[in-house]
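Data block below; observations after.
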Amino acid sequence: MKKAFIVIITILFTLTATLSFAANTDKDEAMILDTLIGRPAGLAATVIGTAVFVVGLPFSLLGGNTGETARSLVVNPARFTFGRAIGDFGPDMDRY
């Protein structure tokens with residue numbers, strides 16, 4: 001009897017936890033993570049990418065791919081950091 005009671009309670013807790021996570025449609029967690037981790041990481045990537053772009057600029061000028069280099073190292077991280085809503089990790093993230 002005790003074993004069956006423990007199994008039933010465990011199943012009820014599991015179902016309750018699953019339902020509570022499924023009902024959570026708020027973007028609070030995504031906004032917090034984006035504010036604390038995503039934006040600072042994007043800002044660091046923008047600054048570091050700009051420095052790498054400036055150092056590699058003579059080589060990209062010789063290679064003729066300055067626009068592509070600038071887009072990869074500066075523009076895409078800047079768009080990720082400043083060009084989207086906070087907490088927006090939608091399906092169009094591949095453009096960053």
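No lab work stands behind these numbers, since they all come straight from the coordinates. Every value quoted in this text rests on a predicted model; they were computed, and no experiment measured them. For neighbour counting, all protein chains shown are included, and Cβ atoms are generated from backbone atoms with ideal geometry for every residue, glycine included.
Quick notes
- Over all Cα atoms in the range 27-95, the spread is summed up by Rg and Dmax: 14.1, 47 Å.
- Highest average packing first - 38-45, 26-33, Cβ atoms within 10 Å: 38-45, 26-33
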